[in-house]
């Protein structure tokens, strides 16, 4: 834990983990305030989990969430009221501690001199100059005064953000680039399916952000609060302003755990798990190993979601383990899919159906998970009937692998960059924003109709890099993204159906059929997934090496 003291009564910290609460109590804290909304990060425990752990240590705990960079005067006042109410000393936390510090600063306005507020925050490692500007400007941040200016600013340090930064530097090594991301850790998320099957250790999918950022790129470790595209500016957490000549937006998407009633209260226990969270993928493997008989549910929410094959991957690998353990006949496996088909590209369905039949999996289409009662081991679904009516049905379970509904991050959905559905509105070929010519987007937050996979981001990165440099007059021609996406469907340990396709579901294999027939289970495809793709991700995609990723060019 990185705990920083603001006053004798209040300290602040980045995200707490469940295991931290004992140390918090032993350090003498009597109360905890959570200022971070659920669902901001894939390694973030939910507040309900933190609450249980805090109460077990005899700590008072309160929930006052604020969107990053959107702390209001009212929230500042509410923070002050909580501080007056709860036992001291208090530890407040958010993603980085900035929101907690900002709430405290706003609560102190008029009670302490501004220089003292700024000095106390600075000693704790938090820059509140932007908050000062906001206080003295009636709540507004003047974007004409920038804290930093860069030629290219990239929002998001995930697979897409780092890949496009590396692609740009490979073409223009002197380019001034900044990546804005508050996270300390970068994750190889495609590996979490393998963690949930006991193939990978979770720690191998995580590296420090500083170790994977391209050399020479400026890292602004903060969260974006808002966009001012007319002024070529973004507003950061803490009201700081960064200006740009070109902007690339790739913040990923948001997992809406609260979109399913009861899920936050039971996630990670009572047999409820998900490979979509770093700390829960090992729990998936634990449940699979422990289950010897009973009912296992695997769910898939309405599209779009990241890696649409991941819900099935977890199911097939679990079934394969039960088959190897000799208990498959005693496990009732049910796949509850909100969609109408097993997989969106029909060419791959026959091979998948062979495994569905071999594992005895029950297929339940048109069923959307809406509630989970963990202690009762019951899951409620909204079923869409053929006649257009809907009804609620309930399934019992001994274990359930949940995939939450997904949407664009909050700061994207409410921004001028978003379409009516909340996704970044970009041209599907050039990946340039349809309204703002100096803004590009790639990765999961765009509204292009491709599969949201790391393989898609790998193909998109050189397209954005080339087109941005063409806009700057550094190169000629226009690059176009063809919608490529890849989904290695792990149908059993040692075999994969390697689905590769373009816009419109057109099959687009990377290898000759005699080497890997993507429509059939392949041991070589498993070798690629297990041994080749991880180093390809770390050493090629994130390094700007574009093997088999060169974009299609037009004059």
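The values are calculated or read from the model by the stated rules, or taken from the named source; none is laboratory data. All of these numbers come straight from a predicted model, not from anything done at the bench. FYI the Cβ positions are ideal-geometry reconstructions off the backbone, even for glycines, and counts take in every protein chain you see.
Of everything in segment 6-17 that's surrounded by fewer than 16 Cβ atoms within 10 Å (Cβ to Cβ) and touching a helix residue (DSSP H, G or I) at 6+ places or on another chain (Cβ under 8 Å), which residue is nearest to residue 124 (Cα to Cα)? Step by step, filter segment 6-17, then rank; the result is 7.
Please indicate, with yes or no, whether at least one residue in segment 51-73 is within 23 Å of residue 259 (Cβ to Cβ) and in a helix (DSSP H, G or I). Checking segment 51-73: at least one residue is within 23 Å of residue 259 (Cβ to Cβ) and in a helix (DSSP H, G or I).
For segment 279-299, the condition of being modelled with pLDDT under 95 and at positive phi holds for none of the residues. Whenever a residue of segment 449-472 is farther than 29 Å from residue 310 by Cα, its partners that are part of a helix (DSSP H, G or I) and modelled with pLDDT of 95 or more, lying with C-beta atoms within less than 6 angstrom and at least six residues away or across chains, give the pairs 469/171. Residue count for segment 319-330 under the criterion of being closer than 13 Å to residue 287 by Cβ and in contact with a strand residue (DSSP E or B) (Cβ under 6 Å, 6 or more places away or on another chain): the result is 1. Checked against the criteria, residue 428 does not count as touching a helix residue (DSSP H, G or I) at 6+ places or on another chain (Cβ under 8 Å), over 30 Å from residue 172 (Cα atoms) and either modelled with pLDDT of 95 or more or assigned by TED's automatic domain parsing to the domain that holds residue 264 (or both). A residue that is in a helix (DSSP H, G or I), touching a residue at least 60 places away in the same chain (Cβ under 8 Å), over 30 Å from the mean Cα position of the chain (by Cα) and surrounded by fewer than 21 Cβ atoms within 10 Å (Cβ to Cβ) occurs somewhere in segment 126-139. A single member of 95, 62 is within 26 Å of residue 236 (Cα to Cα) and in contact (Cβ under 8 Å) with a residue 60 or more places away in the chain, and it is 95. Listed by first and then second residue, the pairs with beta-carbon distance under 9 Å, at least 6 apart or on different chains, first residue in segment 358-370 and at positive phi, second outside any strand (DSSP E or B), are 360/319; 360/328; 360/329; 366/338; 366/339; 366/340; 366/385; 366/386.
Among the residues of segment 284-305, count how many are more than 17 Å from residue 335 (Cβ to Cβ) and surrounded by 21 or more Cβ atoms within 10 Å (Cβ to Cβ).
Initial filter on segment 284-305 (more than 17 Å from residue 335 (Cβ to Cβ)): 285-286, 289-290, 292-293, 304.
Adding the requirement that they be surrounded by 21 or more Cβ atoms within 10 Å (Cβ to Cβ) leaves 285.
Number of matching residues: 1.
Scanning segment 21-36 for residues that are buried (at least 21 other Cβ atoms within 10 Å of the Cβ) and either not in a strand (DSSP E or B) or not assigned by TED's automatic domain parsing to the domain that holds residue 90 (or both) yields 21, 24, 29, 35, 36.
Every condition in (1) under 28 Å from residue 69 (Cβ atoms); (2) surrounded by fewer than 15 Cβ atoms within 10 Å (Cβ to Cβ) holds for residue 417 except the one numbered (2).
Segment 443-555 holds strands (runs of 3 or more DSSP E) entirely within its bounds, and those carrying 2 or more residues that are touching a helix residue (DSSP H, G or I) at 6+ places or on another chain (Cβ under 7 Å) map to 478-480, 485-492, 495-501.
Every residue in segment 402-442 that is touching a residue at least 12 places away in the same chain (Cβ under 8 Å) and outside any loop (DSSP other than H, G, I, E, B), please. Matches in segment 402-442: 406, 407, 410, 411, 412, 424, 426, 432, 433, 439, 440, 441.
Residues that are at pLDDT below 95 and at positive phi were ranked within segment 192-245; the one that is surrounded by the fewest Cβ atoms within 10 Å (Cβ to Cβ) is 216. Checking residue 69 against (1) closer than 18 Å to residue 12 by Cβ; (2) at pLDDT 85 or above: exactly one of these is not met. Which one? The number of the failed condition is (2).
Criterion first (part of a helix (DSSP H, G or I) and farther than 24 Å from residue 182 by Cα) does residue 77 satisfy it?
So residue 77 fits the description; yes.
Is it the case, given these coordinates, that residue 366 is at pLDDT 95 or above, more than 26 Å from residue 408 (Cα to Cα) and surrounded by fewer than 21 Cβ atoms within 10 Å (Cβ to Cβ)? So residue 366 fails the test.
Would you please name the residue that is surrounded by the fewest Cβ atoms within 10 Å (Cβ to Cβ), looking only at residues in segment 268-279 that are in contact with a strand residue (DSSP E or B) (Cβ under 9 Å, 6 or more places away or on another chain) and over 20 Å from residue 382 (Cβ atoms)? Step by step, filter segment 268-279, then rank; the result is 270. Take the residues in segment 37-51 that are in contact with a strand residue (DSSP E or B) (Cβ under 7 Å, 6 or more places away or on another chain) and in contact (Cβ under 8 Å) with a residue 40 or more places away in the chain, then tell me which one is surrounded by the fewest Cβ atoms within 10 Å (Cβ to Cβ). Result: 43.
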